[in-house]
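Right, one structure below, let's go through it.
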Amino acid sequence: MKIYKFGGSSIHNSDHIKNLGNIVLQHKKEPLIIVASAIDKTTNHLERLLDEYYNKRDTNPIFLEIKNFHLNLIRSEERRVGKECRSRWSPYH
């Protein structure tokens, strides 16, 4: 059995996340455990969020920063996949 742990900068964008998928495919015939922790600086942002909350300060800016980072990551991948699908299946390409 192999155990891989990914987090931080090793999964900070869609290319690095796809690499995680490649590793899984390379080892699909053997027992494998994948542990994915927080992406990029998410742990640091969550710590700041808690600090702001416990000190009775506005948490919304940090929350939005975390949310927007993850949404932008998803949108980036959607654009890439959408272009890839269009170029593969469009009769005009």
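Just to be sure I understand, how many residues within the range 36-58 are over 20 Å from the mean Cα position of the chain (by Cα) and crowded, with 16+ Cβ neighbours inside 10 Å?
Counting residues in the range 36-58 that are over 20 Å from the mean Cα position of the chain (by Cα) and crowded, with 16+ Cβ neighbours inside 10 Å gives 1.
Can you tell me how many residues in the range 59-80 are over 19 Å from the mean Cα position of the chain (by Cα) and either in a helix (DSSP H, G or I) or within 13 Å of Ser14 (Cβ to Cβ) (or both)?
Count: 2.
Please indicate, with yes or no, whether at least one residue in the range 24-35 is assigned to a helix (DSSP H, G or I), open to solvent by 50 Å² or more (accessible area, probe 1.4 Å) and in contact with a Leu (Cβ under 7 Å, 6 or more places away or on another chain).
Yes, some residue in the range 24-35 is assigned to a helix (DSSP H, G or I), open to solvent by 50 Å² or more (accessible area, probe 1.4 Å) and in contact with a Leu (Cβ under 7 Å, 6 or more places away or on another chain).
For residues that are touching a strand residue (DSSP E or B) at 6+ places or on another chain (Cβ under 6 Å) and assigned to a strand (DSSP E or B), scanning just the range 1-23, find the one that is nearest to His70 (Cα to Cα).
Among those that are touching a strand residue (DSSP E or B) at 6+ places or on another chain (Cβ under 6 Å) and assigned to a strand (DSSP E or B), it is Gly7.
The values are calculated or read from the model by the stated rules, or taken from the named source; none is laboratory data. Here the structure is a predicted model, which means the values were calculated and not measured. Virtual Cβ from ideal backbone geometry, glycine too; neighbours counted across all protein chains shown. Protein only, heavy atoms only, side chains kept; ligands, DNA and RNA dropped before computing areas. Shrake-Rupley method; radii C 1.70, N 1.55, O 1.52, S 1.80 Å.
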